[in-house]
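To start, the structure under review is shown below, and the notes come after it.
Bear in mind that the values in this text are calculations on the coordinates, not laboratory data. These numbers were taken from a predicted model, which means no experiment stands behind them. Methodologically, a virtual Cβ is constructed for each residue, glycine included, from the backbone with ideal geometry; neighbour enumeration extends over all protein chains shown.
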Amino acid sequence: MKIITDLSVTAMPAPGRRAWHPGRLFNGGAQGAWFDPMDAASVFTDVAGTILAAPGDAVAHMADKSGNGHHAVQAAPAARPFLRQDPEGRRYLEFDGIDDHLLTAPVDMTATQRATAVAGLRKLSSDHARVVLGHNVPSVSPGGFDLLTSTGANAFVSVLARSTSGSTSQCGVTQWRTPPISLVVTGRMDFSAPAGGEVRLRIDSEEFAQTIGTGTENNGTFGNGPLSIGARPNATAFHQGHLHGALVCGRELSAVELSNLETWMIERAPDAV
């Protein structure tokens, strides 16, 4: 038997070249978390995270893939979202808009004035104030943010941020597409900006809105509180729809990092653009 091996340059993979993934955003030790329900090894049916979930199962634990250990869990069986899979094989979480949500232990972001939050979602209803991803409860406790859908009769999506000193910024866009609709929502938040804070809202990698908040320059930071997926951490404003991925990074991202992240998330949210 004669074995022939092709050792030509074109037959060999490029050295050191690997596909980009959001975990790279945390290589420098940034605080935050990254959740990817499409990863079959990160979604579990038990709170301890030992029994892998299959499509159709209720999810009690979604692992944080950032390396920071901020896993999101739900102890109450009735409040657990379901793992689903579309015909193309993409897995996602389905939230009922009644009580489904996942919650982490407190995430300490008091060392930063800047953060980026991104969620890939499918919005099923135009009901009032549905929170897809939140940190603390900015409308109640300073030092957090909300990514919201349907914040009023006309509102489509918005981001609200409030520093530990109470400086508040919010911006949003009015309804221009009718649910059900898939989209990737990005909130870029900076409490060091003049007048107490700056918030930028991006949808499907395009910047839609920007606002300067109330307060003074360099006024406060983010807080030390839980991250919540599918609702606020105080179990209000429940999301009705799907979640294809979510990430919070406690720093400002470069233009290249932001583009890579949004592209990665759009690939997981079908029909997001």
**OP:** Please work out how much length the chain gains when fully extended from Glu88 to Asp39, using 0.36 nm per residue of separation minus the C-alpha to C-alpha distance, in nm with one decimal.
**Re:** 16.2 nm
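By average Cβ neighbour count within 10 Å, what is the ranking of 70-77, 252-259, 157-164, 263-270 from highest down? All intermediate terms of the calculation are to be shown ahead of the outcome.
Values: 70-77: 17.0, 252-259: 13.6, 157-164: 26.0, 263-270: 18.9.
For the peptides 70-77, 252-259, 157-164, 263-270, the packing ranking is 157-164, 263-270, 70-77, 252-259.
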**OP:** For a footprinting-style exposure proxy, rank Arg18, Arg80 by other Cβ within 10 Å, fewest first.
**Re:** Arg18, Arg80
Original post:
Simple spin-label model, 7 Å along Cα-to-Cβ: Asp99 to Asn224 in nm?
Top reply: 3.1 nm
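What full-extension length gain, to one decimal in nm, is calculated for Leu52 and Ala235 as 0.36 nm per residue of separation minus the Cα-Cα distance? Mind showing how you got there, number by number?
Details: separation 183, 0.36 × 183 = 65.88 nm, distance 2.54 nm.
Working it through step by step, the gained length comes to 63.3 nm.
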